[in-house]
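Each reported figure results from applying straightforward, stated rules to the coordinates on display, with no laboratory input. In this text, all values refer to a predicted model and were calculated from it rather than measured experimentally. Here the Cβ positions follow ideal geometry from the backbone for every residue, glycine too, while neighbour counts run over all protein chains shown.
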Amino acid sequence: MKDKRGNLIWLVLPLAVLIALLTVKNGESSKPDALEKPAVRPSDTRADERQQNKRSPDHFASQVRKYAHEAKVDPTLLMAILYNESDKPHDPELERAWQRFKPDAAFGIANMHKAAFNDTKDGRPFQNRRWEELPDDPALAVRAAAWYLHDLARQLPSGRSSEFSKSDLLALGYNAGAGNMRLFAEGTKPGAVAGSYLRRLHENWGRAQKALGR
């Protein structure tokens, strides 16, 4: 979704949030008689890696197939977008910590903004769910992303003068919004951020197909 200020912020953010959390949690360690903190055990590192793997797009292949079929969108496109959106950490606590600094941040493994989620869920099977649930419910995030792509497809102009495929335009719409998607369909050249998003989509297309067994 459109919340990109470069990948660098997502390299710095986890460290900054971790330092803040440790400062609060271990505030007593500044006392003279504080005990030295134990070293991180290899088992703790492996547990963190397993948690990250659980948020990898290929872990949700069955949900991608299911909800792409429900929303009548291309599952490969949906999976490739999830790979595009996986360039930031999707730990629920980290997402909520960042949202306190940036209230308009996106939530969930599909990086969906609150306004987009609320517009998309209207009249859908998940209409009673809340945006705040996305960090903890990857299946809901996949479902909402599928239906958002469905809605974007309905907003594509019938006559397109650009060189982009339908999948390209829907991915650009996912990243930059429906209004910009229509401009791109009419021949407007994407800017640097949107262009980078599209290049990464093409790079992730093969990974998406492999994850879905295609």
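In the structure shown, the pairs 114/189; 54/210; 88/114; 121/210; 72/114 are assessed against 20 Å; a Cα-Cα span above that value is assigned to 114/189; 121/210; 72/114. Between residue 115 and residue 155, the contour length at 0.36 nm per residue exceeds the Cα-Cα span by 12.7 nm. In this structure the amide hydrogen of residue 112, modeled in the peptide plane, comes within under 5 Å of the amide hydrogens of 107, none closer than 5 places in sequence on its chain.
If you plug the beta carbon distance of residue 54 and residue 102 into 1/(1 + (r/R0)^6) with R0 = 25 Å, you get a FRET efficiency near 0.55. Each part reduced to its alpha carbon centroid, the range 92-152 and the range 153-214 end up 20 Å apart.
Projected onto planes of every orientation and averaged, the convex hull of the alpha-carbon atoms in the range 73-214 covers 8.7 nm². Loop-located GluC sites (Glu not before Pro) in the range 139-214 (DSSP state not H, G, I, E or B) with no more than 16 neighbouring Cβ atoms inside 10 Å: 163, 186.
Distance between the 7 Å Cα→Cβ label points at residue 130 and residue 193: 2.8 nm.
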